[in-house]
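Asker: Quick one: structure below, then a few questions.
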Amino acid sequence: MKHTIIALVENEPGVLNRISSLFRRRGFNIESLTVCRTESPDYSRMTLVVDTSDTDAEQVQKQLAKIINVVDVQDVTHEPIVVRDAVLVKIKADAAARADVMTIAEIFNAKVVDVSPEELIIEAVGYESRVDAFLEMLKPKGIIEITRTGRIAMPRCGTPVRAMNNA
Amino acid sequence: MAYEQSKSTSTASASADPALPPNAKKPAPVRPARVKRRMKAAQALMEVLVREGTTHFFGHPGGATLPMYDALYDFPQIKHYLVRHEQIGVHAASGYARVTGRPGVCTGTSGPGATNLVTGLTDAIMDSTPIVTITGQVASNWIGKDGFQEADITGMTIPVTKHNWLVQNEHNVASTVHEAFKLAMHGRQGPVLVDIPRDVFQREVEFDAEDLVSKHSYRAPSKPTVQALAAAAEAISNAKRPILYVGGGAISSNASKELFEFATKLGAPVAMTLMGKGAFPETHELAVGMLGMHGTACANYTMHNSDLIIALGARFDDRVTLKLDTFAPYAKVVHVEVDPAEVNKNRTADFPLHGDLNVVLQELTPLVRRPDTEAWWKQVSEWRQKHPLVYHQGDGAILPQFAIDTLYKMTKHRNPVVTTDVGQHQMWTAQFFKFDQPRKFITSGGLGTMGYGMPAAMGAQCGAPNDLVMCISGDGSFMQCVQTLMTASENNLPIKVFVMNNNHLGMVRQWQELFYQERYKSVHMPNQDLAKIAEAFGCVGMQARTPDEMERVFEKALAIENKPCVVDVFCDQEENCYPMWPSGTAIDAMIIDDPRYAKKLRMKN
Ligand SMILES: Cc1ncc(C[n+]2csc(CCOP(=O)(O)OP(=O)(O)O)c2C)c(N)n1
């Protein structure tokens, strides 16, 4: 099954290399990995999704925890979390097709963020399956390119926050 | 689920003292006003090495480490051993670490010097050996430009170190090396590497030893909960067919005393891995021998039939389990381990106990009751009697087992340190040389590195100058780090190398014989005069040609006091190592006795 793991890592050069090296060496298959800045300049936060058995997910988590620059790791698959995925999609939309495309975007609460006479770029944010459905709807219109963040996750409000320097 | 980690990040102002809360200020030290001294970063590095107790430094210099060697000039208390290949330096550091229980320290220059260390670091991470490695790097402004002798050694060694650092700020040199020593010894021990650009060594810093704080504080590993301990204790007390499965962790954790109390209280069979040999006295009646591919039939049967495996600092490696899905099918598992990632990695643990072995055993022993193992012991003793380790020395060539067994009998009263290389001779040494103390048997287990034996013996002799240190080697492995002899002889280190010379890469020959229809390819090495090679390096070279003269030659070799000595033992070329439990098979595939022996006997008569 798909496991969502979030990790707090030190914001240092080479940390991502250590993490990807671990995944390659142990044969863990990552579906998506996002790294971003956090509320503190000293740390980055990662969300990663691995499609694997529970035992392997446990290994992923434990092996990650052994990396010195990894401050905290949590498998939040079974925790109450908010999950999002964001996509930018460039699509063919000349004058004739534009209205149709815009209607689909509206249904999915997506936003047009760039435009030219022949093309649009639309941004959509949501749960992955919703983003998938959106892209599926757009497909017949002629998708030119897609870029997606992959999953980002955060424990829901009210869950205790784990301290940064005291994992 | 969250895993507790025993590391945390401390800010510069926070104390690294585990007894204090994370953000507490250090109490003002009661000592005279502190003096910050100005010096080069290389000198500060030396100051830290001294503070960390470094007395032996194994290395080979080069352009990028010139400033470091220049600083070393003024530190005679750190004795530098000029190895003739960096691999030897890192293996020597390993031998030193394993005999003393303290980190070994080694160095190589940028580029080829650094890459030559990679085999040794890999060996050390596999066997959890604490080693601090300092490498030189090209000058900062040349990093990333493919300049002369640049190698991305931190990139290359990510998978084979616990952690590594490229230190680009001279003010971080001292604290990073300080942290490196801490990390090497923390939790599951292992190698670390600090890469320092040439210009960084040369820059000026203000050094104050009292100021050393490591960026991360390393707290002692957590202890298992009371509930977890109680559950494990209950399972142990009620076991019908328990076995103690003791690995190298028992030695790293210095847990021999606690292990002895635990094992004798339980009265359960004790089986050790190659890495665990000596953690519990091997001549004790509870000891049933080594486990695994070339272990004793008794140890393997006991494991296979047990109903409770008590794994102590062991990791269910494939050399012990051979085939996981048929391994010990009736057993529940108590797994005591300092590295949480080893638990449930290969075999699921029913009772995981995370922590430092000697601490966990101190808590566990009072909670267990002696299980009733009378019927179990009847069975185990039967296996032991039925399948002793045997060899059949005739008047032909010397059998390696005979040579090793003889060495054992001749030296056991001296409580020697024995290192080995890799191959048949290694397995025979493991079978016939018994150790009653930890840190006496030093071998390359996880990586199986040919060439490990002599450098490790040299390092061990440095760490235990008054001990008899022997290396039992093979004629193949001997050649892989043969130039160790030069460093050993110029430092008058009296290591004794006994080469089981079968003119073959014996272990590979054995596999070609058994599994590749005797199609021998690239395993024969007929013309190596090892005694002459030894003499050329300034060592004593000897030959033991027949079973009759063997013991006399060994006696002479063992009496040599201030020089290394190499004994070329002319061995049978076709002797195979048994028992042998082939990889990937279930236990019934184990071949216990040499099938050729019966045939040989018939031919003789
Ligand atoms: C560096 C390295 N290369 C290759 C091997 C594979 N290997 C394992 S045992 C062995 C033969 C060792 O021969 P020798 O040292 O003569 O010992 P013997 O088996 O004859 O006792 C080889 C080549 C290895 N373990 N290490």
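No value in this document is a laboratory result; all are computed from the given coordinates. Predicted, not measured: the structure shown is a model, and the values here were computed from it. Every residue, glycine among them, receives a Cβ derived from its backbone with ideal geometry; neighbour counts consider all protein chains shown.
Asker: Return the calculated 222 nm mean residue ellipticity for chain B, to the nearest 500 deg cm²/dmol, obtained by summing -39500 (n - 2.57) across DSSP H runs with n ≥ 4 and dividing by the residue count.
Answerer: -10000 deg cm²/dmol, from helical runs alone.
Asker: Just order A:148-159, B:396-407 by mean Cβ neighbour count inside 10 Å, highest at the front, would you?
Answerer: Descending packing order for the listed peptides: B:396-407, A:148-159.
Asker: Scan chain B and note any complete DSSP helix (H) whose C-alpha atoms cover at least 20 Å along its axis and whose Kyte-Doolittle average is -0.5 or more.
Answerer: B:86-100
Asker: Still on this structure, I have one more. Report the far tail of the P(r) of segment B:391-436, meaning the percent of Cα-Cα pairs longer than 17 Å.
Answerer: Taking all Cα-Cα pairs of segment B:391-436, the fraction more than 17 Å apart is 31 percent.
Asker: Over the whole of A:6-12, what's the average partner chain Cβ count within 10 Å per residue? Rounded to a whole number, please.
Answerer: Other-chain Cβ atoms within 10 Å of each residue's Cβ, averaged: 1.
Asker: Using the Cα centre as the reference, give the magnitude of the dipole from point charges on the C-beta atoms of segment A:32-153 (Lys, Arg: +1; Asp, Glu: -1; all else neutral), rounded to the nearest 20 debye.
Answerer: Dipole magnitude for segment A:32-153 comes out near 220 debye.
Asker: Which peptide among B:512-521, B:72-81 comes first, and what is the full order, when sorted by highest mean count of other Cβ atoms within 10 Å?
Answerer: So the peptides B:512-521, B:72-81, ranked by packing, come out B:72-81, B:512-521.
Asker: Nearest 10 degrees is fine. How inclined is helix A:54-66 to the longest principal axis of chain A, computing both from alpha carbons?
Answerer: With both axes taken from Cα atoms, the answer is about 70 degrees.
Asker: Which shape class, rounded, prolate or oblate, goes with segment B:41-93 when its Cα gyration tensor gives a ≥ b ≥ c as root eigenvalues, a/c under 1.5 marks rounded, and past that a/b bigger than b/c marks prolate?
Answerer: Oblate is the answer for segment B:41-93, as a/c is 1.5 or above yet b/c matches or exceeds a/b.
Asker: Note down the net charge around B:ALA531, summing +1 for each Lys or Arg and -1 for each Asp or Glu among other residues with Cβ under 15 Å from its Cβ.
Answerer: 0
Asker: Starting from 0.36 nm per residue, how many nanometres of slack lie between B:ARG38 and B:HIS284 once their C-alpha separation is accounted for?
Answerer: 82.8 nm
Asker: In the structure shown, do any of B:LYS240/B:LYS378; A:LYS2/A:LYS90; B:LYS409/B:LYS434; B:LYS215/B:LYS345; B:LYS323/B:LYS345 have a Cα-Cα gap over 19 Å, and if so which?
Answerer: Distance filter (> 19 Å) returns A:LYS2/A:LYS90; B:LYS215/B:LYS345.
Asker: Would any residue of segment A:80-99 have its amide N under 14 Å from a label point 7 Å out along Cα→Cβ of A:ILE143? List them or say none.
Answerer: So the set is A:86-92.
Asker: Still on this structure, please answer the following. Out of B:SER128, B:VAL192, B:TRP165, whose Cα points farthest toward the positive end of the dipole of segment B:110-195 (charges: +1 Lys, Arg; -1 Asp, Glu; placed on Cβ)?
Answerer: Farthest towards the positive pole: B:SER128.
Asker: While we're here: Residues with amide H under 5 Å of B:PHE441's amide H, sequence separation 5 or more or different chain, H placed in the peptide plane at 1.01 Å from N; which?
Answerer: Result for B:PHE441 returns B:VAL418.
Asker: Specify whether the C-alpha gyration tensor of chain B places it in the rounded, prolate or oblate class, a ≥ b ≥ c being the square roots of the eigenvalues: rounded for a/c under 1.5, otherwise prolate if a/b is larger than b/c and oblate if not.
Answerer: Taking the square roots of the gyration eigenvalues as a ≥ b ≥ c, chain B is oblate.
Asker: In whole Hz and in residue order, list the ³J(HN,Hα) couplings for segment A:121-132 that follow from phi through the Karplus curve 6.51 cos²θ - 1.76 cosθ + 1.60, θ = phi - 60°; x for Gly and Pro.
Answerer: Residue by residue, segment A:121-132 yields 10, 10, 10, 9, 10, x, 5, 3, 5, 6, 4, 4 Hz.
Asker: Around B:HIS163, which amide H atoms from residues at least 5 apart in sequence, or from another chain, sit under 5 Å from its own amide H, with H modelled in the peptide plane?
Answerer: B:LEU193
Asker: Ok, one more. Let's see if you can work this out: charge +1 on each Lys and Arg Cβ, -1 on each Asp and Glu Cβ, no other charges. What is the dipole magnitude of segment B:514-605 about its Cα centre, in debye to the nearest 20?
Answerer: Dipole size: approximately 320 debye.
Asker: Something else now. Evaluate peptide B:173-185: per residue, the Cβ atoms of other protein chains within 10 Å of its Cβ; return the mean as an integer.
Answerer: Taking all residues of B:173-185 together, the mean is 0.
Asker: Could you work out the mean count of beta carbons from other protein chains within 10 Å of each residue's beta carbon in A:65-77?
Answerer: Rounded to a whole number, the mean comes out at 5.
Asker: What do you get for Rg/Rh over segment B:46-193 if you use C-alpha atoms and the Kirkwood form of Rh?
Answerer: Looking at segment B:46-193, the ratio lands at 0.93.
Asker: So, one more: When a/c is below 1.5 the answer is rounded, else prolate if a/b is larger than b/c, else oblate, so apply that to segment B:382-531 with a ≥ b ≥ c taken from the square roots of the Cα gyration tensor eigenvalues.
Answerer: The shape class here is oblate.
Asker: Now, a different point. Please tell me the relative contact order of chain B in percent, rounded to the nearest whole number, where contacts are Cα pairs under 8 Å and at least six residues apart.
Answerer: Averaging sequence separation for qualifying contacts and normalising by length gives 13 percent for chain B.
Asker: Please report how many Lys pairs in segment B:477-605 have alpha carbons closer than 29 angstrom, counting only residues at least 8 apart along the chain or sitting on separate chains.
Answerer: Value for segment B:477-605: 9.
Asker: In nm, to one decimal, how far is the A:GLU136 label point from the B:MET603 one, both placed 7 Å along Cα→Cβ?
Answerer: 7.2 nm
Asker: Right, next: For the peptides B:428-441, A:2-15, A:31-44, B:540-553, what is the packing order when you average, over each peptide's residues, the other Cβ atoms within 10 Å and list the highest mean first?
Answerer: Packing order, densest peptide first, comes out as B:428-441, A:2-15, B:540-553, A:31-44.
Asker: Further question on the same structure: Can you give the Rg to Rh ratio of the protein assembly as shown, both from alpha-carbon atoms, with Rh computed by the Kirkwood formula?
Answerer: Checking Rg against Rh, the ratio lands at 1.02.
Asker: Over segment B:400-578, what is the mean sequence separation of C-alpha contacts under 8 Å (at least six apart), divided by residue count, expressed as relative contact order in percent?
Answerer: Reported as a whole number, the value is 22 percent.
Asker: Taking K and R as +1 and D and E as -1, what net charge do the other residues with C-beta under 12 Å from the C-beta of B:ASN502 add up to?
Answerer: -4
Asker: State to the nearest 20 debye the size of the charge dipole of segment A:82-152 about its Cα centre, where the only charges are +1 on K and R beta carbons and -1 on D and E beta carbons.
Answerer: 160 debye
Asker: Can you figure out the FRET efficiency of B:TYR73 with B:ASP146, using R₀ = 41 Å and their beta-carbon distance, to the nearest 0.05?
Answerer: E(calc), rounded to 0.05, equals 0.85.
Asker: Taking K and R as +1 and D and E as -1, what net charge do the other residues with C-beta under 13 Å from the C-beta of B:PHE316 add up to?
Answerer: -1
Asker: A further question on this structure: Kindly provide the helix-only [θ] at 222 nm of chain A, computed as the sum of -39,500 (n - 2.57) over DSSP H runs of four or more divided by all residues, to the nearest 500 deg cm²/dmol?
Answerer: Per the formula, -10000 deg cm²/dmol.
Asker: Residue farthest toward the positive end of the dipole of the protein assembly as shown, with Cβ of Lys/Arg at +1 and Asp/Glu at -1: which of B:LEU364, B:VAL567, B:CYS577?
Answerer: The one lying farthest along the dipole's positive direction is B:LEU364.
Asker: While we're here: Cut-off under 15 Å on the C-alpha distance; same-chain residues fewer than 8 positions from B:LYS412 excluded. Which aspartates and glutamates are left, in chain and number order?
Answerer: Filter leaves B:GLU282, B:ASP436, B:ASP467, B:GLU551, B:GLU555.
Asker: If you average over every viewing direction, what projected area does the convex hull of the Cα atoms of chain A give, in nm²?
Answerer: 11.4 nm²
Asker: Measuring from label point to label point, each 7 Å out along Cα→Cβ, what is the B:GLU561 to A:ALA96 span in nm?
Answerer: Result for the modelled spin labels: 10.4 nm.
Asker: Once phi is turned into ³J(HN,Hα) by the Karplus curve 6.51 cos²θ - 1.76 cosθ + 1.60 with θ = phi - 60°, what whole-Hz value does each residue of segment A:27-42 show in order, with x for glycine and proline?
Answerer: x, 7, 9, 8, 7, 8, 9, 10, 10, 8, 6, 10, 5, 10, x, 7
Asker: So for segment A:32-104, averaging the separation of alpha carbon pairs under 8 Å that are six or more residues apart and normalising by length, what relative contact order in percent results?
Answerer: 15 percent
Asker: Quick one: Kirkwood hydrodynamic radius for segment B:226-385, alpha-carbon pairs, angstrom, one decimal?
Answerer: Every distinct Cα pair counted, the radius reaches 15.1 Å.
Asker: What is the helix-to-structure angle for A:95-107, meaning the angle in degrees between its Cα long axis and the longest Cα principal axis of chain A, kept from 0 to 90 and rounded to the nearest 10?
Answerer: It is inclined by approximately 40 degrees.
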